[in-house]
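Heads up: the structure comes next, in structure tokens.
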Amino acid sequence: MDQAEIPINENFQSGNYKKYNSKNPLMGMVISNFIENLKAAVTPLENINKVIDIGCGEGFIINCLDFPDITGVDISKSALKLARDKNLNSNLCAGSVYELSFKNDSFDLAIATEVLEHLEEPERAIQEIRRVSRNYCVFSVPNEPYFRIMNFLRGKNLTRFGNDIEHVQNWSSEEFVKLLRKYFKILETRKPFPWTMVLCKK
């Protein structure tokens, strides 16, 4: 992910936007399963008032969560413009995952879904996300090689053997958990196909 500021494009449709608005019923089932797993991971957590969704994109994750105070951050102003249309009560702002404009321990829960695989320096981002979290973090990334296999079988990114052109990192579930364990206590690992989702505690 290029961390330079991305200007507004009125015709903007990211891969994330297309994924969440797909007319393919199979993709709809996959997305619904992902959302249900995310809710199941975070709903039992206690004393969660302030939440940040880092790399919130068009606000699909914010829109499905039920917390009193949710902040969304994304590098793309075009994505944020779409997010504001469906999340009128959320605080949305432009910013880089590498330099979040919040104090240490500002949020009870930090969420970063489908972010780290786009970054040239994922560990730098993980440390910054950890910094602004007071307690919990949830991360998700494609579970490789299954994500690429699914893409390939549905005829997507064939010349790249299914690898998304925007992805610069590839982790299996085991590799991703090992990475996060350097910075967190791992509370739970979920595998909503074709992703890895990890709930962590500082």
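With S96, S76 as the choices, which residue is surrounded by 22 or more Cβ atoms within 10 Å (Cβ to Cβ), on the phi < 0 side of the Ramachandran plot, touching a residue at least 40 places away in the same chain (Cβ under 8 Å) and among the polar types (S, T, N, Q)?
Numbers: S96 fails: surrounded by 22 or more Cβ atoms within 10 Å (Cβ to Cβ).
Step by step, each of S96, S76 is checked, and only S76 is surrounded by 22 or more Cβ atoms within 10 Å (Cβ to Cβ), on the phi < 0 side of the Ramachandran plot, touching a residue at least 40 places away in the same chain (Cβ under 8 Å) and among the polar types (S, T, N, Q).
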Of the criteria (1) open to solvent by less than 10 Å² (accessible area, probe 1.4 Å); (2) of a type in the set (D, E); (3) at pLDDT below 80, which one E117 fails: (3)
Residue tally, condition under 16 Å from F176 (Cβ atoms), in a helix (DSSP H, G or I), over 15 Å from the mean Cα position of the chain (by Cα) and of a type in the set (D, E, K, R), over region 125-150: 1
Residue list for region 41-60, restricted to those being open to solvent by 10 Å² or more (accessible area, probe 1.4 Å), touching a residue at least 24 places away in the same chain (Cβ under 8 Å) and either under 21 Å from K191 (Cβ atoms) or in contact with a Lys or Arg (Cβ under 6 Å, 6 or more places away or on another chain) (or both): L45, G55, F60
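Please go through region 190-200 and pick out each residue that is open to solvent by less than 60 Å² (accessible area, probe 1.4 Å) and not aromatic (F, W, Y). Before you say what the answer is, go through the steps one by one.
So the first thing to find is which residues in region 190-200 are open to solvent by less than 60 Å² (accessible area, probe 1.4 Å), and the list is 190, 192, 194-200.
Within region 190-200, R190, P192, P194, T196, M197, V198, L199, C200 meet the criteria.
Among the residues of region 134-177, how many are farther than 14 Å from W195 by Cα, surrounded by 20 or more Cβ atoms within 10 Å (Cβ to Cβ) and at pLDDT 95 or above? Break it down into steps so the answer makes sense when it comes.
Our first condition is that a residue be farther than 14 Å from W195 by Cα; within region 134-177, this holds for 134-137, 152-162, 165-166, 168.
Going one step further and asking which of them are surrounded by 20 or more Cβ atoms within 10 Å (Cβ to Cβ), we end up with 136-137, 162.
Next, only the ones that are at pLDDT 95 or above stay: 136-137.
Of the residues in region 134-177, 2 are farther than 14 Å from W195 by Cα, surrounded by 20 or more Cβ atoms within 10 Å (Cβ to Cβ) and at pLDDT 95 or above.
The values are calculated or read from the model by the stated rules, or taken from the named source; none is laboratory data. Here the structure is a predicted model, which is why all the values come from computation and not from measurement. Virtual Cβ from ideal backbone geometry, glycine too; neighbours counted across all protein chains shown. Keep in mind that these areas ignore ligands, DNA and RNA; they rest on the heavy atoms of the full protein, side chains included. Shrake-Rupley method; radii C 1.70, N 1.55, O 1.52, S 1.80 Å.
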